[in-house]
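The values are calculated or read from the model by the stated rules, or taken from the named source; none is laboratory data. These numbers were taken from a predicted model, which means no experiment stands behind them. Cβ: placed from backbone, ideal geometry, glycine included. Neighbour counts: every protein chain shown.
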Amino acid sequence: MAFTPYQLFLAGLMLITGTINTLSTKWADRQDAHFCNRTAEPKKFEHPFLQALGMFIGEFLCLLVFKFIWYSTAHYRIAQMTYKGDSSSTVVQYWPIQIKKDIHLLEGEQVFNPFIFWVASIFDMLSTCLSYFALNLTTASSFQMLRGSVMVFTAIFSILFLKRRLTLIHWIGIITVVAGLVVVGVSDLLFNKESEGNHTGAQKFLGIILILLAMVFTSLQVVYEERFIGKYNIPPLQAVGWEGIFGFCTLGVLIIPFHFIHMSSSNTGPDYRLEDIPSAFCQMGDNYRIIIATVGNILSIAFFNFAGISVTKELSSTTRMVLDSGRTLLIWAISLALSWQKFYPLQIGGFILLVIGMGIYNGVWLHLYRQFEACRRGSGGERAPLLPSYDEANGFTPGTSDVPSGAGVYVAPGKDAING
């Protein structure tokens, strides 16, 4: 299958922005800066709630992109629909009124209450805040690899709440992924002695638990979206944008009481608050690298969501999964090159098990084997896609009304079964 330049661009954009997403957050966490009182010693930048707000801003930007694309093409589409229905009518003459009157026609009678995204944004908020807490306690590569557990939790919750049925192949994939997660976790606990901040083994173990708990909430978000949002014909960029709005508003309100909650020990500010926004801005002013990392994180999230959705549309969600595995490898390689961590062969074993398990679950290896057999036999005809679509990998035949017989894990708008 030959890829077009546009498809290659999207794949590269997803790979690069996804890598920047994790590394920029970790880079900010590694920075030392003074609080508003510059007489004290500089501290690490540890403001996961503020960073989560930045993530929601990035998601909100997706809604702006959607609105721009929507209204820039609506004139043509409404005119085309009207001319098809009545060749004597002219939309151009009263377009501003007509676009408001007929906007619902373009989405096939799509009517939904935006507040259905509020619950999903709560799950997203919990997952993001826990993830950013955990990233302070572990390496960027281990963090990214352990996020692969979202596939396992999503499959389990799909069985419990969506009455899905897993085939033997799906269970083999899940078991392989779990084995990879165990190897990565053991490697992080036993060999990663140089973790920044001199974190103890107990703190690193807490980081692993927080990542897994974060992926539980991501899985709940995925299942909720399939159960209550999947029935609506909502464009993914629009869905991501609404979740960004509700997530930002909810967390923005919660940060106010967080400022008055004091901790026994905290690096958020001199008063040991749960979140100290004034101290965070003072640290940004003291160290410009934190500003660069924060802006990079916001923009990379917006572009990553756009690229990921476009890759799923232009290629397949399985291709998106493969690219995300490449992102994990790239994060690991860059972390090694920047001396953010040391090389441990055991981590390679964990990564390989994760990729193998995800490939089994999504039907990648079976599809590639069939392609190889077809080429070996010299079968003619049109070449099949290099990677299957997600529906094909789970037993759905395009053009039919059959429901996938496998797990059929729903891919959340702007997310995927690997990244969350």
**Prompt:** How do the pairs read when you match residues in the range 286-298 that are under 17 Å from R38 (Cα atoms) and of a type in the set (F, W, Y) with residues anywhere that are assigned to a helix (DSSP H, G or I) and modelled with pLDDT of 95 or more, using Cβ under 7 Å and keeping only pairs 6 or more apart or on different chains?
**Reply:** none
**Prompt:** Here is a list of conditions, (1) modelled with pLDDT under 90; (2) assigned to a helix (DSSP H, G or I), and V177 meets all of them except one; can you say which number that is?
**Reply:** (1)
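Matching residues to (1) aromatic (F, W, Y); (2) assigned to a helix (DSSP H, G or I):
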{"position": "F306", "(1), (2)": "yes, yes"}
{"position": "L323", "(1), (2)": "no, yes"}
{"position": "L336", "(1), (2)": "no, yes"}
{"position": "W340", "(1), (2)": "yes, no"}
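Name the residue, out of V186, V178, that is touching a residue at least 24 places away in the same chain (Cβ under 8 Å) and closer than 23 Å to L323 by Cα. Before you say what the answer is, go through the steps one by one.
On the way: V186 fails: closer than 23 Å to L323 by Cα.
Of V186, V178, the one residue that is touching a residue at least 24 places away in the same chain (Cβ under 8 Å) and closer than 23 Å to L323 by Cα is V178.
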**Prompt:** Does P5 satisfy being modelled with pLDDT under 95 and farther than 15 Å from A307 by Cβ?
**Reply:** no
**Request:** Return the only residue of L160, L181, L146, L213 being within 30 Å of L366 (Cβ to Cβ), surrounded by fewer than 21 Cβ atoms within 10 Å (Cβ to Cβ) and hydrophobic (A, V, I, L, M, F, W, C).
**Result:** L160
**Asked** Hey, among the residues in the range 253-273 that are in contact (Cβ under 8 Å) with a residue 40 or more places away in the chain and not in a helix (DSSP H, G or I), which one's farthest from C36 (Cα to Cα)?
**Response** S266
**Message:** Looking at the range 133-150, can you tell me whether even one residue there is at pLDDT 90 or above and over 28 Å from W27 (Cβ atoms)?
**Reply:** no
**Prompt:** With G241, G252, G269 as the choices, which residue is of a type outside the set (A, V, I, L, M, F, W, C) and at pLDDT 95 or above?
**Reply:** G252
**Request:** Any residue in the range 1-12 that's over 16 Å from S300 (Cβ atoms) and exposed (fewer than 13 other Cβ atoms within 10 Å of the Cβ): show its pairings with residues that are of a type in the set (S, T, Y) and modelled with pLDDT of 85 or more at Cβ separation under 7 Å, as long as the two are six or more apart or on different chains.
**Result:** none
**Prompt:** If G148 passes every condition in (1) within 22 Å of the chain's Cα centre (by Cα); (2) farther than 30 Å from L61 by Cβ but one, which one does it miss?
**Reply:** (2)
**Prompt:** Which one of the conditions (1) buried (at least 18 other Cβ atoms within 10 Å of the Cβ); (2) under 17 Å from T19 (Cα atoms) does R273 fail to meet, given that it meets all the rest?
**Reply:** (2)
**Message:** Cβ-Cβ distance below 6 Å, separation of 6 or more or different chains: which pairs start in the range 306-333 with a residue that is among the aromatic types (F, W, Y) and end on one that is in a helix (DSSP H, G or I) and surrounded by 21 or more Cβ atoms within 10 Å (Cβ to Cβ)?
**Reply:** W332/S141
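Residue-by-condition table, conditions (1) at pLDDT 95 or above; (2) more than 22 Å from I20 (Cα to Cα); (3) surrounded by fewer than 23 Cβ atoms within 10 Å (Cβ to Cβ):
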position: I298; (1), (2), (3): yes, no, yes
position: N305; (1), (2), (3): no, no, no
position: I309; (1), (2), (3): no, no, no
position: E314; (1), (2), (3): no, yes, yes
position: T319; (1), (2), (3): no, no, no
position: L336; (1), (2), (3): no, no, yes
position: G350; (1), (2), (3): no, yes, no
position: L354; (1), (2), (3): no, no, no
position: W365; (1), (2), (3): no, yes, yes
**Request:** Kindly list the number of the only condition in (1) at pLDDT 90 or above; (2) among the basic types (K, R); (3) loosely packed, with under 14 Cβ neighbours inside 10 Å that fails for K44.
**Result:** (3)
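Can you name the residue in the range 13-41 that is basic (K, R) and part of a loop (DSSP other than H, G, I, E, B) and is also surrounded by the most Cβ atoms within 10 Å (Cβ to Cβ) among such residues? Reasoning before the result, please.
Of the residues in the range 13-41, the ones basic (K, R) are 26, 30, 38.
Now drop any that are not part of a loop (DSSP other than H, G, I, E, B), which leaves 30, 38.
Details: R30: 18, R38: 10.
The selected residue is R30.
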